[in-house]
6 protein chains.
Amino acid sequence: MYLPFFFVLTLLVSLHSATAGDYCVADLKQPEGPSGYSCKTPAKVTVDDFVFHGLATVGNTSNIIKAAVTPAFSAQFPGVNGLGLSIARLDIAAGGVIPMHTHPGGSEVLVVIQGCIKAGFIDSANDVYVKTLNRGDVMVFPQGLLHFQINAGKYPAIAFVSFSSPSPGLQITDFAFFANGLPTELVTGTTFIPGDVVKKLKAVLGGKN
Amino acid sequence: MYLPFFFVLTLLVSLHSATAGDYCVADLKQPEGPSGYSCKTPAKVTVDDFVFHGLATVGNTSNIIKAAVTPAFSAQFPGVNGLGLSIARLDIAAGGVIPMHTHPGGSEVLVVIQGCIKAGFIDSANDVYVKTLNRGDVMVFPQGLLHFQINAGKYPAIAFVSFSSPSPGLQITDFAFFANGLPTELVTGTTFIPGDVVKKLKAVLGGKN
Amino acid sequence: MYLPFFFVLTLLVSLHSATAGDYCVADLKQPEGPSGYSCKTPAKVTVDDFVFHGLATVGNTSNIIKAAVTPAFSAQFPGVNGLGLSIARLDIAAGGVIPMHTHPGGSEVLVVIQGCIKAGFIDSANDVYVKTLNRGDVMVFPQGLLHFQINAGKYPAIAFVSFSSPSPGLQITDFAFFANGLPTELVTGTTFIPGDVVKKLKAVLGGKN
Amino acid sequence: MYLPFFFVLTLLVSLHSATAGDYCVADLKQPEGPSGYSCKTPAKVTVDDFVFHGLATVGNTSNIIKAAVTPAFSAQFPGVNGLGLSIARLDIAAGGVIPMHTHPGGSEVLVVIQGCIKAGFIDSANDVYVKTLNRGDVMVFPQGLLHFQINAGKYPAIAFVSFSSPSPGLQITDFAFFANGLPTELVTGTTFIPGDVVKKLKAVLGGKN
Amino acid sequence: MYLPFFFVLTLLVSLHSATAGDYCVADLKQPEGPSGYSCKTPAKVTVDDFVFHGLATVGNTSNIIKAAVTPAFSAQFPGVNGLGLSIARLDIAAGGVIPMHTHPGGSEVLVVIQGCIKAGFIDSANDVYVKTLNRGDVMVFPQGLLHFQINAGKYPAIAFVSFSSPSPGLQITDFAFFANGLPTELVTGTTFIPGDVVKKLKAVLGGKN
Amino acid sequence: MYLPFFFVLTLLVSLHSATAGDYCVADLKQPEGPSGYSCKTPAKVTVDDFVFHGLATVGNTSNIIKAAVTPAFSAQFPGVNGLGLSIARLDIAAGGVIPMHTHPGGSEVLVVIQGCIKAGFIDSANDVYVKTLNRGDVMVFPQGLLHFQINAGKYPAIAFVSFSSPSPGLQITDFAFFANGLPTELVTGTTFIPGDVVKKLKAVLGGKN
């Protein structure tokens, strides 16, 4: 009833080719393609490629938004490359906010680990969906739609957010509008935000006029 | 060398089942699913399901943005349902603008048919890509990224824009922020745009405080 | 510079069709298709469709595996339908284990919220990847591969696991082998587990011989 | 060490929701969508939904092409709906041919079971790839490209062909050109085949002028 | 209320990794994969990668088909690589024709810019869908199906055609049959077109017998 | 009516770029990505890249399972790379068995070529689907689910199995549990199979304790 040892070794060797496609740990030094990074040589893959410690530490919220986003996307966590998902940690101090933003490449699901978070998104019909979430509550934000998270309590809040892409992207509207060289008149012309407000926000966010 | 008539008829009949999957003209009255609308019964499909006349007419630009977007998405043009693409027409009068917006569900390629258009997009790293386009010029806007189009000439401009989805969506940032019931303090808190500016824009765009 | 009210209302109305594709909240009473459940009528969608409270409660671990899996897949959490992701909660009491299993339809990323978990997976080449994870540590399990989680500490452990599918499935090997009517001789013949062991496990797991 | 019976029953019941997505047996009476047919109610699914006997019989090659294609696509074999593959049987009598055709929706892999087949395809650069295949030989035909199979021996040939889609479609060029109401002048104008030849082939294939 | 400069710089730097996946401008010198070309180094990407001027010029229709197809696929327009769409320009002089052809890799949507075009396609059931299109009219051609466009007026016609793939391919039936080394007897045997006609068309199209 | 030679040559040359995407023959020496291997240079592609002879030979069943699986996945048959399908041959001697296993990356369709095979799979709800198949019978096994094949007759059986992926993977449960260094206590702890049985199977299959 038991398999002879010779058969086993033979099969094990031939099976190694069968692992192609099981996973594709990112090799950040090789070319990137439309579906992600090139794969690290299977022989060099270890369990540490599939484990990430970077979300275990509290993000630094000593900034004006009193919040931090710590991503474990494929660029930081090569093990998720090609697997269709990723994760990040949100730390939002009391009074803090993750400003209005989108993820161009993926949907997001958030779970509150600590504290109280008011979160919301706006759809293509401009309808607003806002909810105050407590520990253990989950909310989903469909791909590409504007959304935000605010600490709605008196203490630091923590959440984990997962994405339907190993590289969902992150476009913070304020940074897209005010933290670069997009001319003030173009910002005003395409957003109807008065030029003096644009210039103030540009000054703060490091943008040029 | 020629096929007998009997064989032909038999084969033609059995082939009708082979068309399943060729296309899926939207039946807007049946349930919709994650991949699009249900398919119209094949027997009722005609050539007119695959043709759309709605982009032949100039859009009405007698409004404050002096521009119009006329979509031929699956909701307007059922023939594109399930086929992974759609199209729309842009009319931008002199001085007009298609305000900053995103398409959450698809990339866009624009071709200028008439006039001169300054177009641009901003990526996740906040880098800006702006170009002035003339008749016949083409520009691509990657999925989910903020972009805009402005008439850069003295005469009406026309462009056709195609999408990598039959239902790419359209989220105009100003409308998402100011044309709904999202409270002013939430808008200000998540965008850093001063409350008085938010209230003014809300008043104009029909939003509530 | 501001838009006239009439324009605004017109645009808002026409935009409602543009939301098609933003999301597709599952209507569990309508037909299901290969890409998920049919969509709830947009007019009836509320913020509560996108929020799930079921993971806020500790799972009942008063069972022999001393563990519980609480899913928020599209069948439980209709808001994730069609969005390419879902989430679940793991509670593993001291001495508890999530037995060897696979998710046929998606990859998984796990983050430890409390306690200490030894987790591992085995790839197609039979290589083993095991790691002991502490609070905040993240591990990814590629689609379809056998994996497990064990409480490696003295206190209850909690983790959240996200998936690259709204309906990833869950196949626990022991249940597949022993908790149904698969005849003992077929189990033995296809797994080489001796018949007496199969019968004992069947008896415990409710399977028939 | 063994699980209590109560736990087992509870888990088994709750797991039934976890099967969503495992498969989606086609219910041909319900609406079809872009990704395939609606799913049969899980409770009514039996093993016979996953088994197909229709390819066990020799196809009728008593016709002018001396060949027969017997499909097991989702319309004939509901079990493959949503699973990304299907299969068909080719019978080609001595002197028979599967005429030049394409599958708009999928790639094909052919394995010769009996006899000798000369097969070939032409790519977008008009390069030709032809090979004579014997029993057990395999050839792949990339999606959408023109290809054919000819009996290259003296005895009946049999092959099985698999597709990367449950509904790959089948467009036989001769039937598309000559077996319908496409006016002769349009056929000639778009193919450069002389009108008298078009009319002859139309007459044989049941087309109208 | 404004962000401190230090925070801004830090965030901007870290965000650069977040652009992975926004786009993947083709680097034609690096390896190509199943999903497209490798990506150009982000640091070298400029706005000109997303703009294409090649469709602004009238195609040369001084040939026997009196027509020209000018593609902006990923090989010509690297900016569309990985974005799921592309575009091309059709110029059809009076009396000109785009002969019967397919795009193996994508669906097509056509918009008439100038003149009058009779266009049509044939589905897997051999049903014909033909329509005469005027300026601004749109028609969609499902993936992989045979279709054609003919100038139906007295003056030059122009159209833009978009595709649901950055590299949809183009297989002109006449060229596939007659413009290569496919032996005449194979062409006749698989298409039923008489050998003398095949030889004539081969002679004209540069094919060998 | 015929095309001038000059036009033909020009078009043929420009069309060569149009073949990008038709296929992507694997170049096993170049980097691999999430969607498969890099493509062989088109100029070096020959018909032999699309043909595979390795399934024409009977697999060696002189082993304890009295069975052999011969794969034609992208690692063995580069022509299927990127085309979404692959194929393999099963040889099962009398009394032989393909043990319980899964394919993490694809669904499978099996056709019996010779002999009699009892095949079955188990879904996420632990329901069992078993059927005895004869020559010409077809059965489908949904992606990622546990399944097996047993020779149910007195003579050698042969089957061809196709997959919805060029690299579906193969995880034999017994090998995953017992043919590697996964410690006995972990195997027992996660499968409830008694330690002495685990050790015996490990000894036979070459695993370490």
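All conditions in (1) over 30 Å from B:Cys24 (Cα atoms); (2) at the interface with chain A (Cβ under 7 Å from one of its Cβ atoms); (3) in contact with a helix residue (DSSP H, G or I) (Cβ under 9 Å, 6 or more places away or on another chain) hold for B:Gly206, with the sole exception of (2). A single entry from A:Gln149, A:Gln143 fulfils the requirement of being crowded, with 21+ Cβ neighbours inside 10 Å and not in a loop (DSSP other than H, G, I, E, B): A:Gln149. With respect to B:Pro142, determine if the residue is within 10 Å of chain A (Cβ to nearest Cβ), closer than 20 Å to E:Leu55 by Cα and not charged (D, E, K, R). Considered against the rule, which asks whether it is within 10 Å of chain A (Cβ to nearest Cβ), closer than 20 Å to E:Leu55 by Cα and not charged (D, E, K, R), B:Pro142 comes out as yes. Taking the condition farther than 30 Å from B:Ala68 by Cβ, at pLDDT 95 or above, more than 14 Å from chain F (Cβ to nearest Cβ) and touching a Lys or Arg at 6+ places or on another chain (Cβ under 7 Å), does C:Leu83 pass? For C:Leu83, the condition - farther than 30 Å from B:Ala68 by Cβ, at pLDDT 95 or above, more than 14 Å from chain F (Cβ to nearest Cβ) and touching a Lys or Arg at 6+ places or on another chain (Cβ under 7 Å) - is not met. Condition check: at pLDDT below 95 and not in a loop (DSSP other than H, G, I, E, B). Does F:Val161 satisfy that? Taking the combined requirement at face value, the residue does not satisfy it.
Looking only at the stretch D:96-107, residues that are part of a loop (DSSP other than H, G, I, E, B) and surrounded by fewer than 24 Cβ atoms within 10 Å (Cβ to Cβ) come to 1 in all. If you go through the stretch C:108-133 and pick out every residue that is part of a loop (DSSP other than H, G, I, E, B), within 7 Å of another protein chain (Cβ to nearest Cβ) and at negative phi, you end up with 4. Within the stretch B:103-142, the residues that satisfy the criterion of being of a type in the set (A, V, I, L, M) and under 13 Å from the mean Cα position of the chain (by Cα) are B:Val109, B:Leu110.
Here the stretch C:29-47 is the region considered, the condition is being within 8 Å of another protein chain (Cβ to nearest Cβ) and hydrophobic (A, V, I, L, M, F, W, C), and the residue that is farthest from B:Gly82 (Cα to Cα) is C:Val47. Would you mind stating whether C:Val161 is over 28 Å from C:Ser86 (Cβ atoms) and of a type in the set (A, V, I, L, M)? Against the criterion (over 28 Å from C:Ser86 (Cβ atoms) and of a type in the set (A, V, I, L, M)), C:Val161 does not qualify. Checked against (1) crowded, with 23+ Cβ neighbours inside 10 Å; (2) free of Cβ contacts under 8 Å to residues at least 24 places away in the same chain, D:Lys131 meets all criteria but (1). Taking the condition under 17 Å from the mean Cα position of the chain (by Cα) and either outside the structural domain of C:Leu55 (by TED's automatic domain parsing) or under 20 Å from A:Ser86 (Cα atoms) (or both), does C:Pro99 pass? It is false that C:Pro99 is under 17 Å from the mean Cα position of the chain (by Cα) and either outside the structural domain of C:Leu55 (by TED's automatic domain parsing) or under 20 Å from A:Ser86 (Cα atoms) (or both).
Yes or no, residue by residue, for (1) basic (Lys, Arg); (2) modelled with pLDDT of 95 or more; (3) surrounded by 21 or more Cβ atoms within 10 Å (Cβ to Cβ):
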residue	(1), (2), (3)
D:Leu9	no, no, no
D:Cys24	no, yes, yes
D:Gly33	no, yes, yes
D:Ser38	no, yes, yes
D:Pro42	no, no, no
D:Gly54	no, yes, no
D:Val69	no, yes, yes
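Within the stretch E:71-95, being surrounded by 22 or more Cβ atoms within 10 Å (Cβ to Cβ) and more than 14 Å from the chain's Cα centre (by Cα) holds for E:Gly79, E:Gly82, E:Leu83, E:Ile92.
Identify, by number, the condition in (1) closer than 29 Å to E:Thr184 by Cβ; (2) away from chain E (no Cβ under 14 Å); (3) without any contact (Cβ under 8 Å) to a residue 12 or more places away in the chain that D:Ile64 doesn't meet. So D:Ile64 meets the others, but not (2). The number of residues in the stretch E:34-88 that are part of a loop (DSSP other than H, G, I, E, B) and over 28 Å from B:Ile122 (Cβ atoms) comes to 11.
With respect to D:Asn126, is the statement that it is modelled with pLDDT under 95 and over 30 Å from F:Thr70 (Cβ atoms) true? Considered against the rule, which asks whether it is modelled with pLDDT under 95 and over 30 Å from F:Thr70 (Cβ atoms), D:Asn126 comes out as no. Only helices (runs of 4 or more DSSP H) whose full extent lies in the stretch F:170-209 are considered here, and the ones with at least 1 residues that are buried (at least 23 other Cβ atoms within 10 Å of the Cβ) and in contact (Cβ under 8 Å) with a residue 24 or more places away in the chain are F:173-178, F:195-205.
The values are calculated or read from the model by the stated rules, or taken from the named source; none is laboratory data. Just so you know, these numbers come straight off a predicted model, no measurement behind them. Because the Cβ atoms are built from the backbone with ideal geometry, glycine has one as well, and the counts that use them run over all protein chains shown.
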